[in-house]
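Only the coordinates and a few stated rules stand behind these numbers; no lab work does. This is a predicted model, so every value here is computed, not measured. Neighbour counts are summed over all protein chains in view; Cβ atoms, including those assigned to glycine, are modelled from backbone coordinates with ideal geometry.
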Ligand code: 13P
Ligand code: SF4
């Protein structure tokens with residue numbers, strides 16, 4: 001990476017009073033230039049407490065939208081406006097309203113990987129780091145409509161005993177590619193490695209893992225673990241922060257093809273251009289943002305920020 005590009009970004013970042021937030025799946029050079037890297041929960045918390053006037057969000061759009069909703073006084077810009085999330089696009093408000101009408105007593109828990117309009121129709125938001133805790137917080141609810149990820153919803157339903165789950169049938173195409181046979185093959189090759197997978201994986205894949213964790217959870221777990229080798233069942237970008245935080249441990253991808261194309265759309269040039277042009281700003285209509293904020297704030301207050 002040309003030094004001058006890094007230097008230009010650093011200089012402009014200061015001038016604009018901007019902070020750069022990057023998800024753990026971003027390209028290594030983008031993670032390295034960021035002020036903060038983390039999982040969806042960590043990024044939301046960081047966005048809610050930053051003092052910077054501008055947030056440059058390197059991730060996918062639902063993450064930037066979430067930051068814009070919880071930081072109404074700030075300018076949130078994305079280097080690549082076309083970085084969406086196919087899972088988030090698998091549900092729409094009309095379908096969610098139909099489901100709510102069919103199950104009027106159910107509470108709606110939406111995974112953060114969803115549009116602002118879906119969050120606006122939900123009782124509480126969650127991430128993969130805190131989903132069980134968020135469902136548990138709905139003490140009186142006997143039925144939970146969980147959207148849009150059927151695999152995360154299923155995983156949480158196995159951990160929360162007293163509630164019936166109605167699962168929307170969405171999924172992450174990147175995590176769905178990681179099959180049990182990939183885990184088995186990786187275990188044969190690395191018999192001493194612990195297997196960590198993301199809860200967006202299929203139940204059959206999760207069943208073969210030692211731990212199902214958010215990306216931030218994986219980083220914490222590996223640091224504490226006495227293990228020296230890990231098979232990592234998530235988007236392959238995750239190997240970079242794991243290796244960076246634990247340089248003497250070894251990491252193997254469960255599937256090298258587990259790549260999220262949207263997460264790879266952001267690069268250093270686009271980060272620089274976004275700061276130069278202050279574009280593209282993410283704006284959520286006030287009426288939707290005000291309702292979506294309730295679901296996100298509930299999550300942040302239950303998880304103690
Ligand atoms: P976390 O980093 O919150 O675990 O989420 C993974 C993901 O797929 C984000 O799109
Ligand atoms: Fe969406 Fe999956 Fe990509 Fe995450 S990894 S942004 S859930 S498509």
Count the DSSP beta bridges whose two residues both fall in the chain, then state the antiparallel fraction as a percent rounded to the nearest 5.
-> 5
State, as an integer percentage, the relative contact order of the stretch 195-305 based on alpha-carbon contacts under 8 Å between residues 6 or more apart.
-> 18
Row for the stretch 235-305, column shape: gyration tensor on C-alpha, a ≥ b ≥ c, rounded if a/c < 1.5 i.e. under 1.5, prolate if a/b over b/c, else oblate; value oblate
What helix-only [θ] at 222 nm does the chain give? Using -39500 (n - 2.57) per DSSP H run of at least 4, over all residues, to the nearest 500, the answer is -12000 deg cm²/dmol
C-alpha center-to-center spacing [the stretch 181-208, the stretch 253-293] in angstrom = 29
With the Cα gyration tensor of the chain in hand, give its eigenvalues times 5 under a square root as the equivalent ellipsoid semi-axes, listed largest first in whole angstrom.
-> 29, 27, 15
How far is it, in nm, from the label point at residue 5 to the one at residue 29 when both lie 7 Å from their Cα along the line to the Cβ?
-> 0.2
Between the stretch 77-132 and the stretch 11-72, what is the C-alpha centre distance in whole Å?
-> 21
With a Förster radius of 25 Å, plug the Cβ-Cβ distance of residue 94 and residue 281 into 1/(1 + (r/R0)^6) and report the FRET value to the nearest 0.05.
-> 0.35
Based on the mean of other Cβ atoms within 10 Å per residue, sort peptides 159-169, 132-142 so the most packed one is first.
-> 132-142, 159-169
Most fluctuating residue of 153, 59, 84 in a GNM of the chain with Cα springs under 10 Å: which is it?
-> 84
